[in-house]
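What follows is a single structure, written as structure tokens, with notes after it.
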Amino acid sequence: MGYKTLPYTFQRNGNYYLQIRLSNGRIYKKSLLTDSYREASALMIGVTPHIPFVKSLATPLLLFESFLSNLIASERKAARNPLFLHQQIAPPVEIVESQPSAEPEKVLTLLDAWAMYKDEKGRNWTKSISMANERYMEVLLTVLGGETDVAAISKQDIKQVMEIVENLPKHVVQPYRSMTIRQLIECDDIPPDQLVGVEAIHKHLKLYKSLFKTFLTESKDILSKSPTDGVVAAPSKARFGA
């Protein structure tokens, strides 16, 4: 039989799955635990308003995940007992909605943290140091998103950024010289001798450690633990004899 399609979903073995492409390039997939178009469609009515926030990573995935689990559980009970629907379906949505407005002063975005850092540490930077640091930081901002809450950034996120850094081409040679950071990140098949040097890789990580560990964790007490802890800069596998 032909299945009806729903936006942001695909089907595997008849079951509906939610699929959202995140702004950091990853894909979030989650089974809706149903093969019924009616149930999947009812779930998506609750989910769709949140998709832009999940896409841009403004809503942390863990928060969205628990909201989705609640929604699926409510939908299942409602299918068995229609009265249950009116008591239950609103609260999970409330949780997600009220989170940001309840404590707005607590969220420090990556962009704001970087501005704070420069304000304090960047006063004595020379023009060339300042430009290099902006470039290193732009990779982090492009991959993780400037509006991301610094408290939500994990060690895994930093590792992902470092993996991308290790596979960047040297900025000083053409055709890479005139490219934006986003274009550089998307470059494939870079000859090994045109990849960034080991020294540049270490400089990226040094700046990230300075921002997260020295500044946000030790100096400002904004973070209790730095996501850079335990992350090491390893030269890319593609580098011969580096």
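Give me the residue from region 72-83 that is surrounded by 15 or more Cβ atoms within 10 Å (Cβ to Cβ) and of a type in the set (A, V, I, L, M, F, W, C) and, out of that set, farthest from Asn15 (Cα to Cα).
Ala78
Please count how many residues of region 22-71 are open to solvent by 70 Å² or more (accessible area, probe 1.4 Å) and either small (Gly, Ala, Ser) or closer than 21 Å to Leu110 by Cα (or both).
So the count comes out to 5.
Between a first residue in region 139-150 that is among the small types (Gly, Ala, Ser) and a second residue that is open to solvent by less than 10 Å² (accessible area, probe 1.4 Å), which pairs have beta carbons less than 6 Å apart while being 6 or more apart in sequence or on different chains?
The qualifying pairs are Gly146/Leu110.
Which of the residues spanning region 160-184 are of a type outside the set (Val, Ile, Thr) and either assigned to a loop (DSSP other than H, G, I, E, B) or within 15 Å of Lys225 (Cβ to Cβ) (or both)? Show your work before the answer.
Within region 160-184, the subset of a type outside the set (Val, Ile, Thr) is 160, 162-163, 166-171, 174-179, 182-184.
Matches in region 160-184: Asn167, Leu168, Lys170, His171, Gln174, Pro175, Met179.
Does region 107-132 hold any residues that are open to solvent by 20 Å² or more (accessible area, probe 1.4 Å), within 21 Å of Asn24 (Cα to Cα) and either in a helix (DSSP H, G or I) or among the charged types (D, E, K, R) (or both), and which are they?
Leu111, Asp112
Got a number for residues in region 185-218 being in a helix (DSSP H, G or I), of a type in the set (A, V, I, L, M) and either farther than 13 Å from Arg135 by Cβ or modelled with pLDDT under 95 (or both)?
The total comes to 7.
Limited to region 171-225, what total is found for residues that are surrounded by 14 or more Cβ atoms within 10 Å (Cβ to Cβ) and among the small types (Gly, Ala, Ser)?
Final tally of qualifying residues: 2.
Scan region 147-157 and give yes if some residue there is among the charged types (D, E, K, R), assigned to a loop (DSSP other than H, G, I, E, B) and under 28 Å from Glu120 (Cβ atoms), otherwise no.
For region 147-157, residues among the charged types (D, E, K, R), assigned to a loop (DSSP other than H, G, I, E, B) and under 28 Å from Glu120 (Cβ atoms): present.
The values are calculated or read from the model by the stated rules, or taken from the named source; none is laboratory data. Note that the structure is predicted; figures quoted are calculated from it, not measured. Here the Cβ is made from the backbone with ideal geometry for all residues, glycine too, and neighbour counts use every protein chain on show. For the accessible areas, the whole protein counts, side chains as well, though only heavy atoms, and no ligand, DNA or RNA atoms are used. Shrake-Rupley method; radii C 1.70, N 1.55, O 1.52, S 1.80 Å.
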